[in-house]
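Take a look at the structure set out below.
The values are calculated or read from the model by the stated rules, or taken from the named source; none is laboratory data. The structure displayed is predicted, hence computed values, not measured ones. No Cβ is skipped: glycine too gets one built from the backbone with ideal geometry, and neighbour counts run over all protein chains shown. Heads up: the accessible areas ignore ligands, DNA and RNA and are worked out on the full protein's heavy atoms, side chains in. Shrake-Rupley method; radii C 1.70, N 1.55, O 1.52, S 1.80 Å.
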Amino acid sequence: MTTLAKYSELYETHMAQIQALSDKQEQEVADLLAENDERLESLAPFSKADSVNQEVTKQLEAVEAQINDALKEINSQLIG
């Protein structure tokens, strides 16, 4: 085998190894992205719950304000 043939074979071997590593890394990235998507999906109910909690808090604050107004009215009638 000539020197050129040996270098050519060595080059092809290295290129195949590089391609295999590239394919492996590409698959690892795809797996990580899929895992990330799953985690994001599992967190979705919490983000919805947070917006629900904010709405409930607003409604409770409104009810509290109404109760305070009613108590002030009752106190003013009792005192006045």
Residue satisfying all of: in region 1-20; in a helix (DSSP H, G or I) and of a type in the set (Val, Ile, Thr); farthest from the chain's Cα centre (by Cα) among these: 3
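Yes/no matrix, rows are residues, columns are (1) aliphatic (A, V, I, L, M); (2) open to solvent by less than 90 Å² (accessible area, probe 1.4 Å); (3) assigned to a helix (DSSP H, G or I); (4) in contact (Cβ under 8 Å) with a residue 40 or more places away in the chain:
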| site | (1), (2), (3), (4) |
| --- | --- |
| 37 | no, yes, yes, no |
| 41 | no, no, yes, no |
| 48 | no, no, yes, no |
| 58 | no, no, yes, no |
| 61 | no, no, yes, no |
| 65 | yes, yes, yes, no |
| 73 | no, no, yes, no |
Free of Cβ contacts under 8 Å to residues at least 40 places away in the same chain, of a type in the set (D, E, K, R) and open to solvent by less than 100 Å² (accessible area, probe 1.4 Å): is that true of residue 12 in this structure? no
